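Undergrad: Provided herewith is a single structure, encoded as structure tokens, for subsequent inquiry.
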Amino acid sequence: MPKQTFILNGEKVTVTVEDDVRLLWVLRDILGVTGPKYGCGINVCKACTSHINGKAFNPCSVRVGDLQSDDEVTTIEGLADTAPGPGLHPMQKAWIDRDVAQCGYCQPGQIMEAVALVRRLQKEGRPLRESDFDSIRNICRCGTYTRIREAIEQGARAMGRS
Amino acid sequence: MTTPTVETTTSDHEDGPGGVERRRFLGYVLAGTTLAVAADLSLGTPKAMAAIPSAPQISDVYDLEDLQTDAALPTSALISITIRENGTAHFEFPRAEVGQGIITSTAMIIAEELDLPVRRVEVTLAPARPELLLNQLTGGSNTTFSTYTPVRVAAALARQQLLAAAAIELGTTADRLVTIAGVVRDPLTGQSRSYGDLAVSAASQVLKTVEVALRPEKDFKVIGKPHSRLDAHDAVTGAKRFTTDLKVPNALPTMVCRAPQHQGTPKRLLNRSQILRMPGVTHVAQVPTGIAVRARTFGQCIDAVRAMRVEWNAGPADGQSDATVLKALRAAELPLVVPSTPLTQTIDVDVAFAFRSSAALETYSAIADVRPDRAEIWAGLKVPILAQQNIAQMAGLPQDKVKVHVITSGGSFGHKLFSDHALEAATISKAMGVPVKLMWHRADEPRQGRLHPMATSRVRASILAGQVVSFEQRHTSVVTDFSHGLGEILTSTADELPTGLGGYGFSQSIFLLTQQLPYNFGVVTQLLNETDGAFKTGSMRNIYSPDVAVAAELAIDQIAKALKVDPVEFRTAHLKDPRVVKVLETVAKAGRWGRRLPKGVAQGVAVHKEYKGCTAVLVELDCRPTTVNRDLGPETVTGPRVTKAVIAVDPGLVINPRGLEAQMQGGFMDGLALTLTSSCHLRDGKFLEASWDNYFYTRQWNVPPQVEVHIVDSGVTTPGGAGEAAVGTSAAAVACAYARATGRIPEMFPINHGTISFKPKTFVPPIPPAPTNGLKTAR
């Protein structure tokens, strides 16, 4: 069986598993990293949203064999370490401050998507607009969308300061 | 954090603040190494079942009048709070946290009576406790209503015992001591003892029955103040554990290959040896619901399910489609009986509602380890006792050999009232002889999971000389499955039901007990009839109310129009209860009812009364073509957009306004989806939907940019239900706005049901392949 090597939350990991197993299951079932959630398995619900080399992506739709050994995968568990200073990432803090989560199942994916959205805006050098929320496809079946919007606005401001 | 506005109104409820003398309750000090106190879970349960579901009355209300000191009183139906030596309080809650926030609100109630910071109250979910009978059902927005008093009694008793122990240690009397934030202090000497210091000395060697008074509402410091969720940190760091996140030794990923038709069953697997040779696969077993496969990863289960060649039996809905089900419903409609006369004007509204899926984002999942002599189950379950019974029966085990752990769920919405997932996992574990971690594929949920039944609702109102003299509603529905326990509760309390229910079945009784048309309309009848089901149904976040409310409120707008009266003015004039008038006035004012809007944009308003409280919702709905036809890419349903939603709620006593606001916002998103976007399509016994790109639950592009929640305080001192309160009102307000904006009432809800906005996914195999282009779509 092939060995798969990549960087997970800042540390190099090597896993022995077939090439075509999707990364979500390598993370969850083999490595025990359960922050990314299963909600559809076909890149629709976005509950597994994590980062690859700083961009949002969905590990349910990536064969582990397609990763390069220097690819940096960040899950919600590693997000705080990507922000300067100790403690949580500013987006996580905003999420707590707005008391966003209800059942909490989708929230790791929502936060990872929000961070990537703000990074895109920073790169484009423009502020968050109402229409940017339309680009977020993450489902929240508890319907926490209103507080998600408030938290992203707050998190975006905080990310701009850091 | 925005804090919802709180408005006050007076109310002359008999047990209101400053009203009757404080009632004293009985609680128990349990024998233990540290202080453990308890209260009967049925404490405070009202004698008359005013609304279903209320908990069964295991015993009568234990206030002082009913005092019966009985040393042998069974303590099995108790809920208990333990004070630990580290100064924390622990409460094992016989309810399910599914996202509604009851762990936080219950910790707040304990903190209030105990004088302990909320953070030092640990609330965990109790495993199945069969001795509680059906008082371990989380549903019908009933949790806080049914547990508020017993939880307070236990916490107040713990504080009383800590005071008594401190008095002995400090050489004084308890009435000279005060409690502050987990410490007992003597203000005269400055001496103090922490609850942790007292946990052991306050403990009792024997069971004692003790009387205790509750803190007066006017002294509340925690209840009624906004509090963030206790699991917020875990939720945002990925540390919160759901069923499939648990590590149970050797419980490997397991999935099921299911029939193309709804509730179809397997005949046989034709390529068993091929499947067993696939990478990662360890076991294959045929079970009544399909062919189960266990593998090293869920990804390998998905591959195996897709590779299976299975012969299937047709499902019970073979040959049926939306059209045939609707025809059967029409044929079953009960007649409207008020005759039309030349002098009366008749308003008719006749609408249908499609099947909808109550599935949460976390698909049905359960871990099961069934051995010849015992079984252990981990799952999100709102009625764990029935799960335990069903699994014991299936496995041929005594009930006490089945341990059922209740795990916090990734949503429920009624779905986890049933134990389908736990029973299936146990069946598979028994068949394979190994522990399994079962997870349903998303495609399994709308196709094989519980559905909110298709229904029709007809309303006829008669107007005579400018007055509404009759209002008849006939709700006709595919039968709703109540086998999760509500039915049994009704049976067990049949004698206590209000009169007039004799002769009705469970569903009819539940219908009558949940529907309260809050208007004075002369002769009012609301009746239910059901068609026999070939479908796996269940109640979905608010049982019948959303559909009933949509039809009723649409009719009310039509009556107002016929009488040429403004819809808000008309409602206000006919509402029975001043609490409902107050919430309506609140949204009308805050939402600027009647303000001028462009053509194609309209306001809609609705009220609803249920679960000891009431809500009103006002929306502005944009139905202009530029909005309706917004193109945001494939399989993205836009359509009419609510641009503003104003919600007012009077839930009775508010425990946690921040949590209540969240429930109103979430309930609104559900109501919005019910009216505009989310449904399941039945074609030849198969449901077409298979994922969130087919089943259009509210998404960010449907969310109103402006959502306001107003909490109206009516001075009521008992808490009502919050989890479902806003759903029906929101669905109805959006429907009314749609009718006003477009000038027509849709025949079917959701309004987009007539259009299939997606290409149905594969039925054989029953689940779609996992994509491989995830790196290309990184963003």
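Undergrad: Out of everything in the stretch A:47-94 that is charged (D, E, K, R), under 13 Å from the mean Cα position of the chain (by Cα) and at the interface with chain B (Cβ under 9 Å from one of its Cβ atoms), what residue ends up being farthest from A:Asp19 (Cα to Cα)?
TA: Ranking the candidates gives A:Glu77 first.
Quick grid of which residues meet (1) buried (at least 24 other Cβ atoms within 10 Å of the Cβ); (2) within 18 Å of the chain's Cα centre (by Cα); (3) aliphatic (A, V, I, L, M):
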residue: B:Leu329; (1), (2), (3): no, no, yes
residue: B:Leu334; (1), (2), (3): no, no, yes
residue: B:Val349; (1), (2), (3): no, no, yes
residue: B:Ala352; (1), (2), (3): no, no, yes
residue: B:Arg356; (1), (2), (3): yes, yes, no
residue: B:Ala359; (1), (2), (3): yes, yes, yes
residue: B:Arg371; (1), (2), (3): no, no, no
residue: B:Ile377; (1), (2), (3): yes, no, yes
residue: B:Leu381; (1), (2), (3): yes, yes, yes
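Undergrad: Right, next: In the stretch B:289-303, what residues are of a type in the set (Val, Ile, Thr) and out of contact with any His (no Cβ under 9 Å at 6 or more places or on another chain)?
TA: Filtering the stretch B:289-303 down to residues of a type in the set (Val, Ile, Thr) leaves B:289, B:291, B:293, B:297, B:302.
Hits for the stretch B:289-303 are B:Thr289, B:Ile291, B:Thr297.
Undergrad: So, B:Val654, is that one crowded, with 22+ Cβ neighbours inside 10 Å, in contact with an Asp or Glu (Cβ under 9 Å, 6 or more places away or on another chain) and assigned by TED's automatic domain parsing to the domain that holds B:Asp577 or not?
TA: It is true that B:Val654 is crowded, with 22+ Cβ neighbours inside 10 Å, in contact with an Asp or Glu (Cβ under 9 Å, 6 or more places away or on another chain) and assigned by TED's automatic domain parsing to the domain that holds B:Asp577.
Undergrad: Quick check on my filter: what residues within the stretch A:95-135 are within 9 Å of chain B (Cβ to nearest Cβ), touching a residue at least 24 places away in the same chain (Cβ under 8 Å) and not in a helix (DSSP H, G or I)?
TA: A:Arg98, A:Asp99, A:Val100, A:Ala101, A:Gln102, A:Cys103, A:Tyr105, A:Cys106
Undergrad: Anything in the stretch B:354-377 that is touching a Lys or Arg at 6+ places or on another chain (Cβ under 9 Å), assigned to a strand (DSSP E or B) and within 14 Å of chain A (Cβ to nearest Cβ)? List them, or say none.
TA: Within the stretch B:354-377, B:Ser357, B:Ser365, B:Ile367 meet the criteria.
Undergrad: What strands (runs of 3 or more DSSP E) completely inside the stretch B:390-476 contain at least 3 residues that are crowded, with 24+ Cβ neighbours inside 10 Å and within 14 Å of chain A (Cβ to nearest Cβ)? Talk me through it step by step, then tell me what you get.
TA: Details: elements: B:402-406, B:436-439, B:455-464.
Passing ranges, in order: B:436-439.
Undergrad: Look at the stretch B:553-593 and say how many of its residues are within 19 Å of B:Thr344 (Cβ to Cβ) and aliphatic (A, V, I, L, M).
TA: Summing the residues that are within 19 Å of B:Thr344 (Cβ to Cβ) and aliphatic (A, V, I, L, M) in the stretch B:553-593 gives 7.
Undergrad: Can you tell me which residue among B:Ala199, B:Ala232, B:Ala203, B:Ala295 is over 34 Å from the mean Cα position of the chain (by Cα), of a type outside the set (Phe, Trp, Tyr) and buried (at least 21 other Cβ atoms within 10 Å of the Cβ)? Break it down stepwise before answering.
TA: Details: B:Ala232 fails: over 34 Å from the mean Cα position of the chain (by Cα); B:Ala203 fails: buried (at least 21 other Cβ atoms within 10 Å of the Cβ); B:Ala295 fails: over 34 Å from the mean Cα position of the chain (by Cα).
Every option except B:Ala199 fails the conditions.
Undergrad: Select, from B:Arg272, B:Arg241, B:Arg277, the only residue that is within 13 Å of chain A (Cβ to nearest Cβ) and not hydroxyl-bearing (Ser, Thr, Tyr). Even if it seems obvious, please write down each step before you answer.
TA: Working: B:Arg272 fails: within 13 Å of chain A (Cβ to nearest Cβ); B:Arg277 fails: within 13 Å of chain A (Cβ to nearest Cβ).
Result of the check over B:Arg272, B:Arg241, B:Arg277: B:Arg241.
Undergrad: Confirm whether B:Ala778 is buried (at least 19 other Cβ atoms within 10 Å of the Cβ), over 27 Å from the mean Cα position of the chain (by Cα) and farther than 26 Å from B:Ala551 by Cβ. Step through it out loud before you land on a result.
TA: Working: buried (at least 19 other Cβ atoms within 10 Å of the Cβ): no; over 27 Å from the mean Cα position of the chain (by Cα): yes; farther than 26 Å from B:Ala551 by Cβ: yes.
Here the answer is no, as B:Ala778 does not meet what is asked.
Undergrad: With the condition kept exactly as written, say whether any residue in the stretch B:767-776 is more than 14 Å from chain A (Cβ to nearest Cβ), farther than 29 Å from B:Thr675 by Cβ, in a loop (DSSP other than H, G, I, E, B) and out of contact with any Cys (no Cβ under 6 Å at 6 or more places or on another chain). If you could, list the steps in order and put the result at the bottom.
TA: Here is the first cut: in the stretch B:767-776, the residues more than 14 Å from chain A (Cβ to nearest Cβ) are none.
No: the stretch B:767-776 contains no residue that is more than 14 Å from chain A (Cβ to nearest Cβ), farther than 29 Å from B:Thr675 by Cβ, in a loop (DSSP other than H, G, I, E, B) and out of contact with any Cys (no Cβ under 6 Å at 6 or more places or on another chain).
Undergrad: Next question, about the same structure. Residue pairs, Cβ under 7 Å, 6 or more apart or interchain, first in the stretch B:349-363 and modelled with pLDDT under 95, second among the β-branched types (Val, Ile, Thr) and assigned to a loop (DSSP other than H, G, I, E, B). List them.
TA: That search, which allows pairs on different chains as well, returns nothing.
Undergrad: Restricting attention to the stretch B:110-130, and to residues there that are of a type in the set (Asp, Glu) and not in a loop (DSSP other than H, G, I, E, B), which single residue is surrounded by the fewest Cβ atoms within 10 Å (Cβ to Cβ)?
TA: Here is the first cut: in the stretch B:110-130, the residues of a type in the set (Asp, Glu) are B:112-113, B:115, B:122.
Then keep just the ones that are not in a loop (DSSP other than H, G, I, E, B); that gives B:112-113, B:122.
Values: B:Glu112: 26, B:Glu113: 24, B:Glu122: 16.
Looking at the filtered set, the residue picked out is B:Glu122.
The values are calculated or read from the model by the stated rules, or taken from the named source; none is laboratory data. The structure presented is a predicted model; accordingly, all values stated were derived computationally and were not measured. Because the Cβ atoms are built from the backbone with ideal geometry, glycine has one as well, and the counts that use them run over all protein chains shown.
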